[in-house]
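K.L.:
Just dropping this structure here.
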Amino acid sequence: MRVILAAAALILGAFLLSRGDHGTAAFVWATERQREFQNAMAGALQSIRGGDGLALITLCAMSAGYGFVHALGPGHGKLLLGGAAATGLVPMRRMVAIGLAASLAQSAMAILLVAVGVKLLSLTSQHAISLAEGVLAAASYAAIAAIGLVMMLRGLRAARVEAHPHGCGCGHHHGPTPEEVARARSPAAALALIGSIAIRPCSGALFLLVIAWRFGIVWQGVLAVIAMGLGTAAFNTLAIGGGSTMRRLAGNGGRAAVTAQIAAGGVIALLAGRMALQFI
Amino acid sequence: MRKILFLLLLAIPLRAEAHPHVFVDATGGFRFADGALTGIRIVWQYDAFTTLLLYDQLNLDQDGDGALDDADMAEIVRGETVWEPGYEGDTYLWVNGAKKALSQPKNGAARMVGDAVEVSFDLDLPAPIPAKGLGASLKLYDPFYYYAYDIPGAPLMLDAPDGCEAKLIPFVADAQTRELQDQLLQLSQEDIPDDPNVGARFADEVVLRCE
């Protein structure tokens, strides 16, 4: 019952955030902050170009702030990370590490796209940005939806195992326990989580790198994009903490984990799936 | 129980599944001649970050001194006011309840305001519309909300006849503004259905009324 309540609370929260005035206010607030950070980044970039080396600190701080408030907006990985944390199948500390890796890999993807795509293959920066907003965004949503689907199916399979336990009672370990079935602890699962998020670089990071390249301050731009990734990771940690707290509210035990997994997987698959479909 | 959860999930709208990346402080205005509305004037001022991005996208500042010269300004005007077919410049005008097609930009100009690029241009109506009793609504928004337009200042009124008044209805998520917005909407554009897209939801609106 507590599981169902927690799942309902999760969905209701998402619903309110996506429709209510609170959601609108949070969104408007985040958008306003992003604009301020963005302008401050421009000032710092100009200062660095003008020879003020210390402005690099400002640039990195503003980029980290940008990454944080940008992650507050819709999309990207927090839904996936928060949902995965809500299943409680991966230890919280490991989830936070995965979230950090995902954000930094996303920064690396931006650096790769600009370095290889724009500088080596002479794509225009506009091409690189439409690639990120188009094909790569669609691939990211599709991958996230697929992971949600796998989470849900594993949960359903675990529920079936639980419903039909082996009845010999002899103490032997015949079939997998529900948690073993549901658990996604393999490095491959972690890599899938990281990859699905990282494949789509943030346009803001691309803008920053393009400007830095243009101004001949490449390594400063690279550092700032890494700082941006750390800012995003900080927000993702909040999402993971939220998911994990919800999980604890729902109580422990195999049954709760399985139900949370089915619910979280379903939410992720549906929302990310609908986003992916918009690109077709 | 699962059924209820599923239905709840379907009800979650895909709101604002986009982040704005480009911020534009815009000014909208109405242009008149001989007592008739002939078109609108638009001013876009980009945020400082996007201004720097233009250096790359329009290949500005080729001498590398950091300052933009007249040739750069001409290139900005070209880049910003030569539109691909089908692009409406995120500028939507309704007159007496009907959406109006507008011309390509004319009289384009660009300048720097502090560290921000500002572009201005005119869009003409297909034919002048007599001002008497006219109601119009101008909205500036990107349907995909990649560009976030703000209208911070008062609307421009160029050669307006007596009895015409333009008002800015800023986007504020409070009930009173909504009510005012609804009343004005009824006056000026009865036939417009709710604009379902994200950009419109966050858009400021400029409303013109002539006696």
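The values are calculated or read from the model by the stated rules, or taken from the named source; none is laboratory data. None of these values were measured; they are calculated from a predicted model. All Cβ positions, glycine included, derive from the backbone under ideal geometry; neighbour counts span all protein chains shown. What goes into the accessible areas is simple: the full protein's heavy atoms, side chains included, and nothing from ligands, DNA or RNA. Shrake-Rupley method; radii C 1.70, N 1.55, O 1.52, S 1.80 Å.
K.L.:
Return the only residue of A:Leu54, A:Leu123, A:Leu100 being away from chain B (no Cβ under 14 Å), more than 24 Å from the chain's Cα centre (by Cα) and open to solvent by 50 Å² or more (accessible area, probe 1.4 Å). Even if it seems obvious, please write down each step before you answer.
P.N.:
Details: A:Leu123 fails: away from chain B (no Cβ under 14 Å); A:Leu100 fails: more than 24 Å from the chain's Cα centre (by Cα).
Matching residue, one of A:Leu54, A:Leu123, A:Leu100: A:Leu54.
Yes or no, residue by residue, for (1) closer than 23 Å to A:Tyr141 by Cα; (2) within 12 Å of chain B (Cβ to nearest Cβ); (3) within 14 Å of the chain's Cα centre (by Cα):
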| site | (1), (2), (3) |
| --- | --- |
| A:Pro187 | yes, no, no |
| A:Ile211 | no, yes, no |
| A:Gln220 | no, no, no |
| A:Ala257 | no, no, no |
| A:Val267 | yes, yes, no |
| A:Leu270 | yes, yes, no |
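K.L.:
Name the single residue, out of those in the range A:195-209 being open to solvent by less than 10 Å² (accessible area, probe 1.4 Å) and within 11 Å of chain B (Cβ to nearest Cβ), that is modelled with the lowest pLDDT.
P.N.:
A:Ser203
K.L.:
Kindly check whether there is at least one residue in the range B:74-86 that is within 14 Å of chain A (Cβ to nearest Cβ), under 20 Å from B:Ala26 (Cα atoms), open to solvent by less than 50 Å² (accessible area, probe 1.4 Å) and not charged (D, E, K, R).
P.N.:
Scanning the range B:74-86, I find at least one residue that is within 14 Å of chain A (Cβ to nearest Cβ), under 20 Å from B:Ala26 (Cα atoms), open to solvent by less than 50 Å² (accessible area, probe 1.4 Å) and not charged (D, E, K, R), so the answer is yes.
Residues are listed down the side, and each one gets a yes or a no for (1) outside any loop (DSSP other than H, G, I, E, B); (2) in contact (Cβ under 8 Å) with a residue 40 or more places away in the chain:
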site	(1), (2)
B:Lys99	yes, yes
B:Ala109	yes, no
B:Val117	yes, yes
B:Phe121	yes, yes
B:Asp124	yes, yes
B:Phe144	no, yes
B:Ala148	yes, yes
B:Ala154	no, no
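K.L.:
Would a scan of the range B:36-52 turn up a residue that is more than 15 Å from B:Glu118 (Cα to Cα) and either within 10 Å of chain A (Cβ to nearest Cβ) or open to solvent by 50 Å² or more (accessible area, probe 1.4 Å) (or both)?
P.N.:
no
K.L.:
Still on this structure, please answer the following. With over 25 Å from A:Val28 (Cβ atoms), in contact with a Cys (Cβ under 6 Å, 6 or more places away or on another chain), open to solvent by 20 Å² or more (accessible area, probe 1.4 Å) and modelled with pLDDT under 95 as the only criterion, which of B:Gly163, B:Gly133 stands out? Full working, then the answer.
P.N.:
Values: B:Gly133 fails: in contact with a Cys (Cβ under 6 Å, 6 or more places away or on another chain).
Every option except B:Gly163 fails the conditions.
K.L.:
Let me ask you something else. Cβ-Cβ distance below 6 Å, separation of 6 or more or different chains: which pairs start in the range A:29-43 with a residue that is assigned to a helix (DSSP H, G or I) and end on one that is among the β-branched types (Val, Ile, Thr)?
P.N.:
Listed pairs, sorted by first residue: A:Ala30/A:Val69; A:Arg33/A:Val69; A:Gln34/A:Val69.
K.L.:
What residue, among those in the range A:141-154 that are touching a helix residue (DSSP H, G or I) at 6+ places or on another chain (Cβ under 6 Å) and either at positive phi or among the small types (Gly, Ala, Ser) (or both), is surrounded by the most Cβ atoms within 10 Å (Cβ to Cβ)?
P.N.:
A:Gly148
K.L.:
Would you call B:Leu93 open to solvent by 40 Å² or more (accessible area, probe 1.4 Å), in contact with a Lys or Arg (Cβ under 6 Å, 6 or more places away or on another chain) and within 19 Å of B:Ala33 (Cβ to Cβ)? I'd like the intermediate steps shown before the answer.
P.N.:
Working: open to solvent by 40 Å² or more (accessible area, probe 1.4 Å): no; in contact with a Lys or Arg (Cβ under 6 Å, 6 or more places away or on another chain): yes; within 19 Å of B:Ala33 (Cβ to Cβ): yes.
So B:Leu93 fails the test.
K.L.:
Output yes when any residue across the range B:117-127 is crowded, with 20+ Cβ neighbours inside 10 Å, within 14 Å of another protein chain (Cβ to nearest Cβ) and modelled with pLDDT of 90 or more, and no when none is.
P.N.:
Looking for residues that are crowded, with 20+ Cβ neighbours inside 10 Å, within 14 Å of another protein chain (Cβ to nearest Cβ) and modelled with pLDDT of 90 or more, one finds at least one in the range B:117-127, hence yes.
K.L.:
Here is a further query. If you scan the range B:69-92, which residues turn out to be under 18 Å from the mean Cα position of the chain (by Cα) and not in a loop (DSSP other than H, G, I, E, B)?
P.N.:
B:Val77, B:Gly79, B:Glu80, B:Thr81, B:Thr91, B:Tyr92
K.L.:
Of all residues in the range B:56-66, which are facing chain A (nearest Cβ under 8 Å) and out of contact with any Phe, Trp or Tyr (no Cβ under 8 Å at 6 or more places or on another chain)?
P.N.:
Restricting attention to the range B:56-66, the residues satisfying the condition of being facing chain A (nearest Cβ under 8 Å) are B:56-57, B:66.
Hits for the range B:56-66 are B:Gln57, B:Gly66.
K.L.:
If you don't mind, another one. Please find, within the range B:47-68, the residue that is nearest to A:Gly43 (Cα to Cα) out of those that are in a loop (DSSP other than H, G, I, E, B) and in contact (Cβ under 8 Å) with a residue 24 or more places away in the chain.
P.N.:
Restricting attention to the range B:47-68, the residues satisfying the condition of being in a loop (DSSP other than H, G, I, E, B) are B:47, B:58-68.
When the remaining residues are screened for being in contact (Cβ under 8 Å) with a residue 24 or more places away in the chain, the result is B:47, B:68.
Values: B:Asp47: 11, B:Leu68: 16 Å.
By that ranking, first place goes to B:Asp47.
K.L.:
A follow-up question, please. Given the criterion within 14 Å of chain A (Cβ to nearest Cβ), in contact with a helix residue (DSSP H, G or I) (Cβ under 7 Å, 6 or more places away or on another chain) and acidic (Asp, Glu), identify the matching residue among B:Asp150, B:Asp142.
P.N.:
Numbers: B:Asp150 fails: in contact with a helix residue (DSSP H, G or I) (Cβ under 7 Å, 6 or more places away or on another chain).
Exactly one residue qualifies, and that residue is B:Asp142.
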